[in-house]
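Asker: First the structure, which I've put down as C-alpha cells, then a few questions once you've had a look.
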C-alpha cells in the first residue's frame, strides 16, 4: 500500500480506536456491575476525584501522569492504556485489511468489523475478570452483523448468504457441542451465543477466514489450557474463559484466514485438486 491517502485513513482509524478504547475501559469496569456506562463521570477508584478532561486523553494522559492519579497519586492500572492501545491497533489493522481487498477502494464490511472487534476487546477483559460474556454486549452484535452484512451486500453486489449461514452453523455446532458435552463446564453459554455471529461474518468473507478463525480459537485455547495445567495454574475440571480465544480466532480469521488456508492447501496439493 503506497497511497499516502490510504495511510492517512489507517492512521486516522488508529487514532479513533484509541478514543474508543478509552470508552471501552468504562464498559469493562461498569457493565459487569450493572452500572450505567454514561453517568457518573469517571473517577479515581482510590480517592473518588473526578477525572478531568485534560487527564482523559487516551494513552497520552497516562504517560504524562506517569500512571498515577493527579490528586492522590495512587497508581492507575496499566490495563487502561493497554486497552486503548490494543483497540487503536485493531482499528488500524482492520483498516489495512479493508483497503487491501480486491475490487473496491475500501471494504464495506469495515464498519461492522470495527464494531465487532471493539465489542470483542471489552468481552475479552470482562471474561478474564468475571468468567462471563454479558448479554448486553453479545446480543446486540447479532443485529449489528445482520445490518452490516446487508449493507456490504448492497454496496458490493455480492451475497454469499449460504456460505455465511453454513459458517455460523459450523461455529455454533462446534462450540455448542462442547458446551453440551461438558455440561457447561468446558465453556459458558455466552460463548455459544457469541460463536455463531463471529462465524457468520467470517463466512461472509470466505471459507478460509471461517475455518482458520474456528481452528485458531480451538488450538490457541487448548494450548493455553494445557500450559496452565502443566504449570499448575489450573485444574482439570476448572473452567477457563474461552471468550478471549473466540475473539482472537475471529481477528486471525479476518486478517490472515484466506492466506493461511491457501498456504495449507498449496502445501498439501489440494489447491490443484480444488481448481481442477
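Taken together, the values in this text are just the output of simple stated rules run on the coordinates, not laboratory data. Everything quoted here is computed from the prediction, not taken from an experiment. Reconstructed Cβ throughout: ideal geometry from the backbone, glycine too, with neighbour counts over all protein chains shown.
Asker: Using the Cα gyration tensor of the stretch 9-74, with a ≥ b ≥ c the square roots of its eigenvalues, what is the shape: rounded (a/c below 1.5), prolate (a/b larger than b/c) or oblate (neither)? Write out the running numbers ahead of the final one.
Answerer: Numbers: a/c = 2.47, a/b = 1.19, b/c = 2.07.
Oblate.
Asker: Looking only at 243, 17, 177, which one moves most when the chain is put into a Gaussian network model with springs between Cα atoms under 10 Å?
Answerer: Evaluated over the chain, the most mobile residue of the options is 177.
Asker: First measure r as the distance between the Cβ atoms of residue 135 and residue 82, then evaluate 1/(1 + (r/R0)^6) with R0 = 22 Å and state the FRET efficiency to the nearest 0.05.
Answerer: For residue 135 and residue 82, the calculated efficiency is 0.30.
Asker: Using a 10 Å cut-off around each Cβ, can you sort 91, 142 from fewest to most neighbouring Cβ atoms?
Answerer: Numbers: 91 26, 142 14.
If I rank by nearby Cβ atoms, fewest first, I get 142, 91.
Asker: Simple spin-label model, 7 Å along Cα-to-Cβ: residue 8 to residue 105 in nm?
Answerer: 1.2
Asker: Beyond 28 Å, what share of the Cα-Cα pairs of the stretch 116-275 remains, rounded to the nearest whole percent? Display every interim value, and only then the final one.
Answerer: Working: 2903 of 12720 pairs.
When all Cα pairs of the stretch 116-275 are counted, 23 percent exceed 28 Å.
Asker: Let me ask something else. Please rank 130, 69, fewest neighbouring Cβ atoms within 10 Å first, as an exposure proxy. Intermediate results must be reported in sequence, preceding the final value.
Answerer: Details: 130 14, 69 18.
With the fewest neighbours first, 130, 69 line up as 130, 69.
Asker: Pick from 31, 224, 83: which residue has the top mean-square fluctuation in a GNM of the chain where Cα pairs under 10 Å get a spring?
Answerer: Highest fluctuation among the options: 224.
Asker: In nm, give the distance between the simple-model label positions of residue 228 and residue 15, each being 7 Å from the Cα along the Cα-to-Cβ direction.
Answerer: In this crude label model, residue 228 to residue 15 measures out at 3.9 nm.
Asker: Can you tell me how much longer the chain between residue 70 and residue 115 gets when fully stretched, taken as 0.36 nm per residue apart minus their C-alpha distance, in nm with one decimal?
Answerer: On the way: separation 45, 0.36 × 45 = 16.20 nm, distance 3.23 nm.
Between residue 70 and residue 115, full extension yields 13.0 nm more.
Asker: Taking R0 as 45 Å, what FRET efficiency do you get between residue 43 and residue 182 from their Cβ-Cβ distance, rounded to the nearest 0.05? Kindly include the intermediate steps, with their values, before the conclusion.
Answerer: On the way: r = 41 Å, r/R0 = 0.91.
It comes to 0.65.
Asker: Using a 10 Å cut-off around each Cβ, can you sort 265, 63 from fewest to most neighbouring Cβ atoms?
Answerer: On the way: 265 16, 63 10.
Lowest count first: 63, 265.
Asker: Ok, one more. Would any residue of the stretch 94-118 have its amide N under 13 Å from a label point 7 Å out along Cα→Cβ of residue 147? List them or say none.
Answerer: Within reach of a label on residue 147: 111-112, 115-116.
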